[in-house]
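The values are calculated or read from the model by the stated rules, or taken from the named source; none is laboratory data. Since we're looking at a predicted model, the values are computed, not measured. Cβ coordinates were reconstructed from backbone atoms using ideal geometry, including for glycine residues, and neighbour counts include every protein chain displayed. We work out accessible area using only protein heavy atoms, side chains counted, and drop any ligands, DNA or RNA first. Shrake-Rupley method; radii C 1.70, N 1.55, O 1.52, S 1.80 Å.
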Amino acid sequence: TWGKRKKMKRKEKKNEKNIENEEEQRRKQRELKYETDTKLIKSRWKWIVIIICVVLLSLSMLPVVSVPIQAPPPKQDYYEILGVSKYSDESEIKKAYHKLSLQNHPDKNPGDSEAQKRFIEVSEGHFQ
């Protein structure tokens, strides 16, 4: 029985050493994997930074397009265009609109661009 105990203890020690060796190997594999992963991530970041720099440089070399800012059209006094006072009622505005629209209608003044512009202004004045 004494010999059997020694053999069992030796086997247990061997098993413990084997388990420790396996754990050490797993730890080394994890460390190696972590190192390769971090190297890969660092190299990817380098490429991302390089691509961003190239894109920014290419954008900075594009010609600058300047769009002129257009001033809003001056506000028109529609009462003045219709020829009525600011305190006139709807019927007076309507009468003035009908009178001016008939005078400046494009069908009554073919080829007269000024009459057409006045007709548009009168129409805007009536519907505002």
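For this structure, a couple of remarks:
- Given charges at Cβ of Lys, Arg, Asp, Glu: the chain dipole, positive-most of ASN21, SER113, SER85: ASN21
- In this structure, LYS86 and SER113 have a Cβ-Cβ separation that, at R0 = 25 Å, corresponds to a calculated FRET efficiency of about 0.25.
- Net +/- balance of residues flanking LYS14 in space, Cβ distance below 13 Å, scoring K and R +1, D and E -1: +3
- Dipole magnitude of segment 84-128 about its Cα centre (Cβ charges: Lys, Arg +1; Asp, Glu -1), debye to nearest 20: 80
- Segment 14-112 - Rg (one decimal) and Dmax (whole number), Cα, Å: 40.8, 116
- Nearest-20 debye value, segment 1-104 charge dipole, Cβ charges on Lys, Arg, Asp, Glu: 2400
- Extension gain for SER66-LYS7 works out to 12.1 nm (0.36 nm per residue, less the C-alpha to C-alpha distance).
- The chain: calculated mean residue ellipticity at 222 nm from DSSP helix runs of at least 4, using -39500 (n - 2.57): -26000 deg cm²/dmol
- Modelled label positions at TYR79 and TRP47, each set 7 Å beyond Cα in the direction of Cβ, lie 7.2 nm from each other.
- The chain - percent of accessible surface contributed by carbon and sulfur, probe 1.4 Å: 58
- The 1.4 Å probe gives accessible areas that order TYR78, TYR87, largest first, as TYR87, TYR78.
- With coordinates expressed along the principal axes, the C-alpha atoms belonging to segment 56-112 extend over 65, 34, 13 Å, beginning with the largest.
- Dimensions of segment 1-63 along the principal axes, based on C-alpha atoms and rounded to the nearest Å, stand at 95, 6, 5, largest first.
- Separation of segment 8-35 and segment 101-128, taken as the distance between their Cα centroids, equals 97 angstrom.
- Model label sites at HIS105 and LEU57, defined 7 Å from Cα along the beta-carbon direction, differ in position by 6.9 nm.
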